[in-house]
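A.B. asks: Let me begin by handing over the structure; questions about it come next.
The values are calculated or read from the model by the stated rules, or taken from the named source; none is laboratory data. What you see is a predicted model, and the numbers here were worked out from it, not measured in a lab. Cβ: placed from backbone, ideal geometry, glycine included. Neighbour counts: every protein chain shown. The area values use the complete protein model at the heavy-atom level, side chains included, leaving out ligands, DNA and RNA. Shrake-Rupley method; radii C 1.70, N 1.55, O 1.52, S 1.80 Å.
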Amino acid sequence: MSNRMLGILVSVLLSLTAYAVNATEPGGLVIVGARVIDGSGGPSRDVNVRIVGGRIATVGNFEVTANDTVIDAGNRVLAPGFIDSHSHHDGGLLESPDALAAVSQGITTIVAGQDGGQPYPLQQFFADLVKSPAAINVASFAGHGTLRARVMGEDYQRQAMSDEVAAMASLLVAEMEAGALGLSSGLEYDPGSFSSTGELVELARVVATHGGRYISHIRSEDQYFWEAIDELIETGRETGVPVQVSHIKLAMARWWGQADRLIAKLDEARASGVQISADIYPYRAWNTDFTWLVTLFPNRDLNRRDGAEYILGEMLSPEGILLPNYLPEPAYDGMTIAEIAARRETDPETTLMDLLKADLAMGGRSQMLGLAMDERDIEALMAWPHMVIGSDGELAGPHPRGYGSYARYLGHYIRDRKVLTLEEGVQRITSQTALQLGIDERGLIQEGKYADLVLFDSETVADRATAQDPHLASVGIDKVWVNGQLVFDDGKVTGSRPGRVVRRPATQTVN
Ligand SMILES: [Zn+2]
C-alpha cells in the first residue's frame with residue numbers, strides 16, 4: 001500500500017470514528033443543582049458537572065442530553081473528595097474494603113504508611129489492592145521504622161552503622177520505585193527513636209532524588225517539642241526535600257497558648273527556603289498505646305515515681321488520661337486515671353504505675369486517650385496557610401477521629417467556629433493536601449481530573465463519634481463518588497469498590 005493510500009484509509013477511518021462518537025454520544029452522570037466548590041479556593045459556582053469513564057468530563061452550564069443520567073443535588077455543596085493526609089484506615093482495609101469509617105466522612109483517598117510504619121513491601125500491598133480494590137483510593141509513604149527494623153532486627157536500640165543506613169537506603173529506593181510518596185518517620189516510637197538525625201538526613205536525600213517528600217511524627221511532642229521541630233527543619237534544609245510535621249500539636253500544658261511562637265518558627269523556616277508544612281487532626285485528644293507512657297519514665301523504670309509525677313503533673317493530668325479499653329480490668333473501660341484512683345482508693349501516681357505494669361504483663365495492648373491540647377491553639381494552627389487536615393484515624397480504632405474528623409472539621413471548625421471560609425476549608429482538604437503530599441490528578445473539580453466527589457450539606461454536616469462511642473457515623477455527607485462510582489449514598493455504603501492505587505506521579509502507572 002502506498003503512503004498516499006494509507007493516508008486516505010486512515011482519514012476515512014478517523015472520520016468514521018468521529019461519526020460513531022457523535023451518533024451515539026456516550027451518556028455521562030450529570031450532577032445538576034449543586035453549589036460547586038471546586039477545591040481551588042475560589043468562590044462556589046452554580047454549575048453542572050458531567051462524569052464520564054471515571055473522570056470529570058465537563059464543568060459548566062451545559063445542556064443535559066438524553067443519554068445522561070441526571071442527579072439533582074438539591075442545592076447542596078459538591079466538592080472534590082477529601083484526601084486524608086495522615087491515615088491509618090489502611091489497617092484491615094483488605095478485609096473491610098467498604099471503608100465505612102472513611103467514606104461516611106467524605107474521604108475518597110487515604111495516605112497510609114504513617115509514623116514510620118508501612119505495609120511492606122508496597123509493591124505487594126499495591127498489587128493486593130489492584131486485585132481486590134477497596135472503595136477508596138490508597139497512597140502510601142515508605143516507613144522509616146519498618147525499613148530500620150528490617151535492617152537491624154532486634155538489635156535496634158542504638159545508632160545505625162553506615163552500612164546499615166546504606167541498606168535502609170536501598171530498601172527505600174525499592175519502595176520509592178513502587179510508588180511511595182516519600183518517607184515517613186515515627187521518632188517517638190521504637191525503633192525510630194534510636195535513630196540519629198544523620199541517618200534521617202541520609203534517607204531524606206534518597207527521597208529527594210526521587211522527587212518525594214519527608215513527613216515526620218517528630219521526636220518529641222511534649223518536653224523536647226521545639227528541638228524536635230528544629231530537627232525536622234534541619235533535615236529539610238540539608239536535603240532540600242519538602243517536609244511536613246505530622247499531627248502537629250502543642251500537647252503539653254507548659255506550651256499551651258504558644259501557637260504564635262510555633263507559627264513564627266515555621267514561617268521563618270519557610271522564608272529561609274525550607275518547604276515545611278504540617279497536618280493536624282481536629283480534636284483535643286490524642287491516642288496511642290497506653291504503654292507508650294513507659295518511655296517517659298527515667299530508664300523506662302515503672303518504679304520511678306518521678307516518672308508518674310511528670311506525666312500526671314506536667315504533661316497531662318489524672319483527668320486527662322482516659323482508658324477506652326483497659327484489657328487487664330474491663331471494669332475501668334471509659335474511665336480516667338483520676339476516676340480509677342478514686343475507685344482504688346489510692347493516689348493517681350500509684351494507680352498509673354500499677355495499671356501500666358499490669359498492662360505490660362498482658363502484652364501492652366490497651367489504648368489511651370490523652371486530653372492534651374488547647375482549642376485556641378488548634379484553631380490558630382488550622383488557620384496557618386500551610387496546614388492541612390489528617391484524621392490519624394482507623395477503620396475500627398478507639399479514637400472518634402476514625403469516623404468523625406472531616407465532618408467535625410467542616411461542621412465545628414469551618415461552619416461554627418469560622419476558622420476559615422468554606423471555600424478555603426475545602427481547598428485545604430482537597431487540592432492543597434494533594435499539593436503538599438505530591439498527589440496528581442485529584443483534589444479539584446476540573447475537566448480531566450478523576451471524579452472523586454462529595455455531596456454534603458454545609459448547614460448540617462457534623463461528627464457524632466465520641467470517646468465513648470467512637471464508631472458513630474457522621475451526618476450531612478449525602479453522596480460520595482470515587483473514580484466516578486457512587487460508594488456512599490444516604491448513610492450506607494453501596495458495595496462499589498472503585499478505589500485505585502495512587503502512586504507518586506513520576507512513577508504513576510495505570511492499574
Ligand atoms: Zn503519629
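A.B. asks: Those residues that are open to solvent by 10 Å² or more (accessible area, probe 1.4 Å) and within 17 Å of the chain's Cα centre (by Cα), I need them from region 371-398; list them, please.
C.D. replies: Scanning region 371-398 gives HIS386, ASP392, GLU394, LEU395, ALA396, PRO398.
A.B. asks: Right, another one. Is there any pair linking a residue in region 327-346 that is of a type in the set (Phe, Trp, Tyr) to one that is at pLDDT 95 or above and assigned to a loop (DSSP other than H, G, I, E, B), with Cβ under 8 Å and at least six apart or on different chains, and which?
C.D. replies: TYR332/TYR326
A.B. asks: Output the residues belonging to region 372-404 that are more than 22 Å from LEU266 (Cβ to Cβ), of a type outside the set (Gly, Ala, Ser) and within 16 Å of the ligand (Cβ to nearest atom).
C.D. replies: Within region 372-404, GLU394, PRO398, HIS399, ARG401 qualify.
A.B. asks: Separate question: Name the pairs whose Cβ atoms lie under 6 Å apart, with the first residue in region 225-239 and farther than 18 Å from TYR189 by Cβ, the second open to solvent by 30 Å² or more (accessible area, probe 1.4 Å), and 6 or more positions between them or separate chains?
C.D. replies: THR239/ARG205; THR239/ALA208
A.B. asks: Of the numbered conditions (1) in contact with a Gly (Cβ under 9 Å, 6 or more places away or on another chain); (2) at pLDDT below 95; (3) open to solvent by 10 Å² or more (accessible area, probe 1.4 Å), GLY240 satisfies every one except a single condition; which is it?
C.D. replies: (2)
A.B. asks: Right, here's the next one. Scanning region 204-223 for residues that are within 16 Å of the ligand (Cβ to nearest atom) and within 25 Å of PHE297 (Cβ to Cβ), which turns out most open to solvent (accessible area, probe 1.4 Å)?
C.D. replies: Taking the candidates together, the pick is ARG219.
A.B. asks: Please go through region 48-64 and pick out each residue that is within 24 Å of PRO498 (Cβ to Cβ) and either out of contact with any Leu (no Cβ under 6 Å at 6 or more places or on another chain) or open to solvent by 70 Å² or more (accessible area, probe 1.4 Å) (or both).
C.D. replies: Once the filter is applied, which keeps residues that are within 24 Å of PRO498 (Cβ to Cβ) and either out of contact with any Leu (no Cβ under 6 Å at 6 or more places or on another chain) or open to solvent by 70 Å² or more (accessible area, probe 1.4 Å) (or both), region 48-64 yields ASN48, VAL49, ARG50, VAL52, GLY53, GLY54, ARG55, ILE56, ALA57, THR58, VAL59, VAL64.
A.B. asks: On the basis of being closer than 24 Å to ARG497 by Cα, in contact with a Lys or Arg (Cβ under 8 Å, 6 or more places away or on another chain), at pLDDT 95 or above and not aliphatic (A, V, I, L, M), does ASP90 make the cut?
C.D. replies: Numbers: closer than 24 Å to ARG497 by Cα: yes; in contact with a Lys or Arg (Cβ under 8 Å, 6 or more places away or on another chain): no; at pLDDT 95 or above: yes; not aliphatic (A, V, I, L, M): yes.
When the stated conditions are applied, ASP90 does not pass them.
A.B. asks: Out of region 460-473, which residues are part of a loop (DSSP other than H, G, I, E, B) and within 13 Å of ARG415 (Cβ to Cβ)?
C.D. replies: THR460, VAL461, ASP463
A.B. asks: Kindly indicate which of LEU486, LEU472 is open to solvent by 30 Å² or more (accessible area, probe 1.4 Å) and without any contact (Cβ under 8 Å) to a residue 12 or more places away in the chain.
C.D. replies: Checking each option against the conditions leaves just LEU486.
A.B. asks: Same structure again: Test ARG284 against the criterion of being basic (Lys, Arg), within 28 Å of VAL243 (Cβ to Cβ) and in contact (Cβ under 8 Å) with a residue 12 or more places away in the chain, and give yes or no.
C.D. replies: Yes: the conditions hold for ARG284.
A.B. asks: Hey, any hits in region 409-421 for a residue that's among the small types (Gly, Ala, Ser), assigned to a helix (DSSP H, G or I) and open to solvent by less than 10 Å² (accessible area, probe 1.4 Å)?
C.D. replies: Taking region 409-421 first, the residues among the small types (Gly, Ala, Ser) are 411.
Checking which are assigned to a helix (DSSP H, G or I) leaves us with 411.
After this cut, where a residue has to be open to solvent by less than 10 Å² (accessible area, probe 1.4 Å) as well, the list is 411.
Checked region 409-421: at least one residue is among the small types (Gly, Ala, Ser), assigned to a helix (DSSP H, G or I) and open to solvent by less than 10 Å² (accessible area, probe 1.4 Å).
A.B. asks: Could I ask something else about it? Kindly indicate whether any position in region 144-159 is more than 30 Å from VAL482 (Cβ to Cβ), β-branched (Val, Ile, Thr) and at pLDDT 95 or above.
C.D. replies: yes
A.B. asks: A further question on this structure: Take region 224-248 and flag every residue that is away from the ligand (no atom under 16 Å from the Cβ) and within 22 Å of GLY182 (Cβ to Cβ).
C.D. replies: Correct list: ASP230, ILE233, GLU234, THR235, GLY236, ARG237, GLU238, THR239, GLY240, VAL241, PRO242.
A.B. asks: Take the residues in region 422-444 that are part of a loop (DSSP other than H, G, I, E, B) and more than 9 Å from ILE83 (Cβ to Cβ); name whichever of them is least open to solvent (accessible area, probe 1.4 Å).
C.D. replies: If we take residues in region 422-444 being part of a loop (DSSP other than H, G, I, E, B) and more than 9 Å from ILE83 (Cβ to Cβ), then GLY438 is least open to solvent (accessible area, probe 1.4 Å).
A.B. asks: Let me ask you something else. ASP279 is checked against (1) open to solvent by 10 Å² or more (accessible area, probe 1.4 Å); (2) more than 19 Å from GLY320 (Cβ to Cβ); (3) of a type outside the set (A, V, I, L, M) and fails just one. What number does that condition carry?
C.D. replies: (1)
A.B. asks: From the list ALA269, ALA251, ALA264, ALA259, exactly one residue is within 16 Å of the ligand (Cβ to nearest atom), within 29 Å of GLY182 (Cα to Cα) and not hydroxyl-bearing (Ser, Thr, Tyr). Which is it?
C.D. replies: Being within 16 Å of the ligand (Cβ to nearest atom), within 29 Å of GLY182 (Cα to Cα) and not hydroxyl-bearing (Ser, Thr, Tyr) holds for just one of ALA269, ALA251, ALA264, ALA259, which is ALA251.
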